[in-house]
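Data block below; observations after.
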Amino acid sequence: MIRVQDLSKSFGSHRAVDHVSFEIETGEIVGFIGPNGAGKSTTMRMLTGYLASDRGRAEVLGFDVSRHPLEVQRRIGYLPESNPLYVDMRVRPFLRFVAEVRGIPRRERAAAVERAIELCALQEVARKRIRECSKGYKQRVGLAQAVIHSPKVLILDEPTEGLDPNQRVVMRDLIQGFAKQGATVILSTHILPEVELTCPRALMISRGRIVADGAPKKISGPLGTLEQAFRQITQTKE
Amino acid sequence: MAAALAIAKREWKAYFASPLGFVLLILFSLLLGLFVYLWSPFGVPTLFARQSADLSGVFAARHLPLLFVLFGAAISMRLWSEERRLGTEELLLTLPVRPIDAVLGKFLGAMGMLVLCLATTLPTVYVVWSLCDDPRGLEWGPILGGYAGSLVLGATCIALGQLASAFTRDQLVAFLVGFTLLALWFFLADLATNLAPHLPERFAGAALEVQQYGLTALFDSVDRGVILMKNLVFLVSACALLLGLNAAVLTWRKAG
């Protein structure tokens, strides 16, 4: 499903991702955790074809990302970090635009837009300008554009960032709903209890390297909570 | 191509999601109206003083090129800089869109805005038509040729501004860079003429040769409704080259 081998990326002299390898199977929900600047977003950007890797190989659904970026992009849904949106547009026309660019045929487009609106519970704001929506709704608009084509793989960079606890629960339920329908989900977050609640598997990354991989309980293991494990593992690396 | 058209439509509408589109239209029509009816900075007689039913006031050698320096930069300044400022570039470029399609989409959206600007001259066509007392009616050839030439020239100006916009997240910086480059192109003939005497003989010839590719020189014949094949080929190739460079910048940035 997703196969990453020896992936590396540097910005100038700073090595953001350093020989990272992992595999993710169909239907998994994997939480990407790590300190700021650890390389989570860079790895996700390489998986989506937004950034090219310096070396190594990323394969999504059998397609090499660097060789066939469009094939990969057609099949994945991506919510970039800090959820950039065309805030001048209204919610429904924005989703229609994404559907059109994604090449969803004209006669299926309206249905796809309405399904995404329903899935992400956006009915109330569908006519509003995105700029006027609350943070929680904006985040759901970002998620709606990512799932509009019913992708097999969802890559979500900090989907719950800046949301209040209620909004976070809604978001979590949505993500779990997609996984239940057979989608593979990779999400990154700083909120460790969330990983324990949402993700059967966590990948911990620090200074561009994978430092732990497994069930959150297994990672926290003898160290107590995931947070304690996170602090211990990532700080000893610094 | 469908993706490019969707992007073009969004870009075009985006001009009118803020006052920008309306301001551009009003200023363009006011300035060109001023040049045609009241006063020309290049001493072209006004429409009424000339007493001739043609649109040479609109297509006078330097009026539209001058406006394209300003409006080419203003129409194109937001195309990439706004995407980079909002971070939506990442959203757009992770949709299944080839860089060249994204570039073409934006370019076509901006061209839609340019076409609207040029459409503000249609009332002048009506004025000229109603003043025309020639029994054979208006000569439409030069008018259509004038519009076609203006579109090609404007397209190249927009492609240059769009490229400038790909290097910054600040619209104002994009505007200033685009404007300066277009202004240099506008004054290319004067620059070359003034530089030629100071250059070694080998380069002096080249400098004079370059004159014919200045923004105003390329438009000279359009004034008479004639589009010289040589100029057309130059403009279309320059436009294609600039758009190709723009796509290359996107691909190059991906490499980080």
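Any idea which residue in the stretch B:71-99 is nearest to A:S150 (Cα to Cα), counting only those that are hydrophobic (A, V, I, L, M, F, W, C) and facing chain A (nearest Cβ under 10 Å)?
First, the residues of the stretch B:71-99 that are hydrophobic (A, V, I, L, M, F, W, C): B:71, B:73-75, B:77, B:79-80, B:86, B:91-93, B:95, B:97.
Among the residues that remain, those that are also facing chain A (nearest Cβ under 10 Å) are: B:86, B:91-93, B:95, B:97.
Numbers: B:L86: 26, B:L91: 17, B:L92: 18, B:L93: 19, B:L95: 14, B:V97: 18 Å.
Result: B:L95.
Pick from A:R96, A:R90: which is without any contact (Cβ under 8 Å) to a residue 40 or more places away in the chain, surrounded by fewer than 24 Cβ atoms within 10 Å (Cβ to Cβ) and under 22 Å from A:L119 (Cβ atoms)?
Details: A:R90 fails: without any contact (Cβ under 8 Å) to a residue 40 or more places away in the chain.
So the residue among A:R96, A:R90 that is without any contact (Cβ under 8 Å) to a residue 40 or more places away in the chain, surrounded by fewer than 24 Cβ atoms within 10 Å (Cβ to Cβ) and under 22 Å from A:L119 (Cβ atoms) is A:R96.
How about the stretch A:183-233: which strands (runs of 3 or more DSSP E) wholly inside it have at least 3 residues that are modelled with pLDDT of 90 or more and surrounded by 22 or more Cβ atoms within 10 Å (Cβ to Cβ)? Walk me through it before giving the result.
Values: elements: A:184-188, A:201-206, A:209-214.
Ranges flagged: A:184-188, A:201-206.
Which one of A:A179, A:A212 is in contact with a strand residue (DSSP E or B) (Cβ under 7 Å, 6 or more places away or on another chain) and over 21 Å from A:S41 (Cβ atoms)?
Values: A:A212 fails: over 21 Å from A:S41 (Cβ atoms).
Going through A:A179, A:A212 in turn, just one is in contact with a strand residue (DSSP E or B) (Cβ under 7 Å, 6 or more places away or on another chain) and over 21 Å from A:S41 (Cβ atoms): A:A179.
Has the stretch A:154-165 got any residue that is loosely packed, with under 15 Cβ neighbours inside 10 Å and over 24 Å from A:T48 (Cβ atoms)? Can you show your working first?
Of the residues in the stretch A:154-165, the ones loosely packed, with under 15 Cβ neighbours inside 10 Å are A:162, A:164-165.
Still in the list and also over 24 Å from A:T48 (Cβ atoms): A:164-165.
Yes: one or more hits.
Among the residues of the stretch A:113-145, how many are of a type outside the set (D, E) and within 14 Å of chain B (Cβ to nearest Cβ)?
First pass over the stretch A:113-145, keeping only residues of a type outside the set (D, E): A:113, A:115-117, A:119-123, A:125-131, A:133-145.
If we keep only those that are within 14 Å of chain B (Cβ to nearest Cβ) too, we end up with A:113, A:128-131, A:138-139, A:141-145.
Number of matching residues: 12.
Kindly list the number of the only condition in (1) more than 8 Å from every other protein chain (Cβ to nearest Cβ); (2) in contact (Cβ under 8 Å) with a residue 24 or more places away in the chain; (3) under 22 Å from A:M204 (Cβ atoms) that fails for A:G37.
For A:G37, the failing item is (2).
Going by what's in this entry, would B:V36 be described as closer than 18 Å to B:L151 by Cβ and crowded, with 21+ Cβ neighbours inside 10 Å? Please lay out each step first, then the result.
Working: closer than 18 Å to B:L151 by Cβ: no; crowded, with 21+ Cβ neighbours inside 10 Å: yes.
Criteria not met by B:V36.
Failed condition for B:P142, given (1) buried (at least 16 other Cβ atoms within 10 Å of the Cβ); (2) free of Cβ contacts under 8 Å to residues at least 24 places away in the same chain, with all others met?
Just one mismatch for B:P142, condition (2).
Does B:F186 fit the bill of being under 21 Å from B:L64 (Cβ atoms) and either hydrophobic (A, V, I, L, M, F, W, C) or within 14 Å of chain A (Cβ to nearest Cβ) (or both)?
Details: under 21 Å from B:L64 (Cβ atoms): yes; either hydrophobic (A, V, I, L, M, F, W, C) or within 14 Å of chain A (Cβ to nearest Cβ) (or both): yes.
Judged against the criteria, B:F186 is a match.
On the given criteria, is B:A238 surrounded by 15 or more Cβ atoms within 10 Å (Cβ to Cβ) and either farther than 24 Å from B:L108 by Cα or at pLDDT 95 or above (or both)?
The answer is yes for B:A238.
Taking only the stretch B:145-172 into account, find how many residues are surrounded by 23 or more Cβ atoms within 10 Å (Cβ to Cβ) and among the acidic types (D, E).
Count: 0.
The values are calculated or read from the model by the stated rules, or taken from the named source; none is laboratory data. Quantities reported herein were computed from a predicted structural model and do not represent experimental measurements. Positions of Cβ are generated from backbone atoms using ideal geometry, with glycine treated the same way; all protein chains shown enter the neighbour counts.
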